[in-house]
Amino acid sequence: MPPQDPQSAPANGIVHCAVPAPLFEALDYAKPTAVEGPLQPGTRVRVPLGRRSVIGVVLSTSQHSDHQDKLRTLTEILDTTPLIDHKLLALLQWAAHYYVYPLGEVVTSGLSPRERRGEPPALTGLAGIELNQRGKGLPEHALRRAPKQALCLRLLQKGPQSFETLEQAGVSRAVVRELIAKHLVMACDIKRPSSIQIKPHLTPTREQATAIAAINQIQRHFSCHLLHGITGSGKTEVYLQCIAHVVERGQQALVLVPEIGLTPQIIQRFEQRFGPVIAVLHSGLADSERDRYWAMARDGSAAIVIGTRSAVFAPLHNPGLIIVDEEHDASFQQQDGFRYSGRDTAVKRAQLLDCPIVLGSATPSLESWYNAVQGRYHLHTLKERAGSALAPSKAVIDIRGLDLHGGLSPTLVSAVKETLAQGQQALLFLNRRGFAPTLMCHDCGWVAGCIHCDARLTLHRKPPSLRCHHCNDRQGLPIKCPDCSSKRLVSEGMGTEQTEMALQSLLPGTRIIRADSDSMTGRHAMTHLALELESGEPCVVLGTQLITKGHHFPKVTCVGVIDADSLLFSPDFRGEERLLQLLTQVAGRAGRATLPGRVFIQTRHAEHPIIKQVLERPYGEVATQILETRLNAALPPSGALAVMRCDSRQLQQGMDFLASVVKSYQPQQCRLIGPLPAAMARRAGLFRCHLIIHGKQRSFVLQAARELAKRAVHSNTPQGLRWSMDIDPAESI
Ligand code: ADP
Ligand code: ZN
Ligand code: ZN
């Protein structure tokens, strides 16, 4: 051991901190001598880092450091009590380790935006005002010429009042502003009423009752439940009743939903049952809103926290239950930066908290299905739709050789006409927005491609343009072919704009609603669509993936998949699973209550096994069959995968970098595939390549991933090159 320098010797202890920097390990700092007593894990400190001063989070303290001789001293202690409790801290440290991502950057996921900046947590009460010293000393008659102000004063003499109560009593914000200007009142934070009024619930069906009883029975201990219920079978009602059970005894529930599932309607449904005790966390919030909800989750003033993926790291005061709705949804997977699975992290969190977790879906992921089949998860099935709805009839339309209008076969068109004639609604699914996916020269075969990506440009009519759906690049329409100057430019294939035009001419006078990401802009677009359909007016909705999630439309009785072929033959190993989920979800939109539904799938591959089976067999059976082929190939959920990804300015540079990282490395019990260019090697101007780590056992794959990350950290990274590790990747192409 080197002789210690008495100047920098840690007379007062060492603090191990996570700091926001691309480091896989904690940094050690000396505690200032003036500070007495231990520093608690989960508190924030200000520390020097290079020439900067940053906010770190204390992980632990000790008397020893491996870097004893070059320790720097932390400069400020920001909290007296931890902002991240020890169980959340353990989860964050687990996530950084498991997903092979820099520790400090993961740990800040447990803080709200203002907390990351070093500011105190937001106030959690209701915003309001109270009298200041001057206001308290004011004589009765002082404001008699301003009756509204006088009224406000009288209310405040009883105590602080929230803006809400003042408004209900007829005192507007303008009146409050005048009192503030007169220096009579000041802003304050008013504690929320703590008792929760839970509204009565629906009488559960027999299947719902069984699931609720089973979940409630194992309360207070870890158990994982898979709630497999077809669309509209009442899964949300099961969640609500389990949450009621937890909230009644003073505990909190964390509910994770897919990006698109967090609509005002779902929040309203929770609020109707539980009142205004809900914190909502999603990416569309202003920082100040996020700050406040985050603090409400932490101090328990929110009994229920509903959020998208990143809410899995929200602090919770007294958690008793976690729910992941539509657990198969791809939006639970973070696809860049800190790549993690919100669902898997939620399961880990429930384990650390020792509380139950419910994963719900009409089309469970094969990961969860496998766990249920193996008995690790409790499986609860809701086979019937709540309120006596009938199962839809399903048919394949073989479109080989048929004359199509805007992609629509005569059979599908007449089914839609019948539906409208009966005063009902139809929903058509087409997975491509725009007018046509390709613009081509009729004379020389030139195809309009993106200059930044290995991708074709999509032709749009509204407004006329060529757009790249991968990098959002946009250009005007060419008048002639850039290669041969011919003016005969033609479109190929079908997009939603084109089918919309065809529908308008085939069904004159019918309301046609196009629902894709071009037409559905703004957070409330989906809600408006749902409300419009709720009215029951006959219409046709033509939509992309957007309409397969989040909402079901109870008055739709006819559903058509316009082009199932565009979904077939995916190069990814999850292709069949995704196809099955998508077709099942689309089909699930048809027929509710007393109106029987019909589903049509158009294809040129009517004999494709998944397409046939979606029609004939229940989801679970087909899923089990796909599962078998995965298990035979030792692919997830049985084997494990990790992908080391690399972005660089030149493809060769990335390939060389990955090759140098794996050079002379012999992983134990797994194989390395690559380096290979990604399926779309160039995207938004960057070249992408990767290296796949595949093994039968997860522990060996993780070990290899960590070793390769370590080598990458210690190798020379060329300028502009970025690499990352993707554990349990959503895609391996
Ligand atoms: P899911 O979440 O599975 O799609 P929901 O919970 O939204 O299903 O239920 C679908 C519809 O059925 C909703 O309108 C809901 O109010 C109704 N519903 C659910 N459970 C019951 C029940 N036990 N009795 C009557 N109606 C129910
Ligand atoms: Zn040409
Ligand atoms: Zn592009």
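The values are calculated or read from the model by the stated rules, or taken from the named source; none is laboratory data. On a predicted model such as this, the values are computed, not experimentally measured, just so you know. Don't worry about glycine lacking a Cβ; one is built from the backbone with ideal geometry, like all the others, and counts go over all protein chains shown.
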query = If you check Thr203 against the conditions, is it out of contact with any Pro (no Cβ under 8 Å at 6 or more places or on another chain), outside any loop (DSSP other than H, G, I, E, B) and either buried (at least 23 other Cβ atoms within 10 Å of the Cβ) or at pLDDT 90 or above (or both)?
reply = no
query = Could you list, in sequence order, the residues of the stretch 658-696 that are of a type in the set (S, T, N, Q) and touching a strand residue (DSSP E or B) at 6+ places or on another chain (Cβ under 7 Å)?
reply = Gln669
task = Out of the residues in the stretch 235-282 that are within 16 Å of ligand 1 (Cβ to nearest atom), in a loop (DSSP other than H, G, I, E, B) and modelled with pLDDT of 90 or more, state the one that is nearest to Pro204 (Cα to Cα).
result = Val257
inquiry  = Looking only at the stretch 463-512, filter to residues that are among the β-branched types (Val, Ile, Thr) and part of a strand (DSSP E or B); which one of those is farthest from ligand 1 (Cβ to nearest atom)?
reply    = Val490
ask   = Name the pairs whose Cβ atoms lie under 7 Å apart, with the first residue in the stretch 268-295 and under 21 Å from His551 (Cα atoms) and more than 16 Å from ligand 3 (Cβ to nearest atom), the second outside any helix (DSSP H, G or I) and modelled with pLDDT under 90, and 6 or more positions between them or separate chains?
value = Gln272/Lys199; Arg273/Ile198; Arg273/Lys199; His282/Leu262; Gly284/Arg523
query = Restricting the search to the stretch 599-654, which residues are in a loop (DSSP other than H, G, I, E, B) and either of a type in the set (S, T, N, Q) or under 29 Å from the mean Cα position of the chain (by Cα) (or both)?
reply = Pro618, Ala634, Leu635, Pro636, Pro637, Ser638, Gly639, Gln650
query = Looking only at residues in the stretch 471-498 that are within 16 Å of ligand 3 (Cβ to nearest atom) and buried (at least 17 other Cβ atoms within 10 Å of the Cβ), which one is farthest from the chain's Cα centre (by Cα)?
reply = Asp473
inquiry  = Could you go through the stretch 214-221 and let me know if any residue there is within 16 Å of ligand 1 (Cβ to nearest atom), surrounded by 13 or more Cβ atoms within 10 Å (Cβ to Cβ) and free of Cβ contacts under 8 Å to residues at least 24 places away in the same chain.
reply    = no
note = For the stretch 464-486, the count of residues that are hydroxyl-bearing (Ser, Thr, Tyr) and within 16 Å of ligand 2 (Cβ to nearest atom) equals 2
note = Going through the stretch 514-553 in order, the residues found to be within 24 Å of Arg578 (Cα to Cα) and either of a type in the set (D, E, K, R) or part of a loop (DSSP other than H, G, I, E, B) (or both) are Arg514, Asp516, Ser517, Asp518, Met520, Thr544, Lys549, Gly550, His551, His552, Phe553
task = Mind telling me which of the residues Ala684, Ala640, Ala705 ends up being modelled with pLDDT of 95 or more and surrounded by 13 or more Cβ atoms within 10 Å (Cβ to Cβ)?
result = Ala705
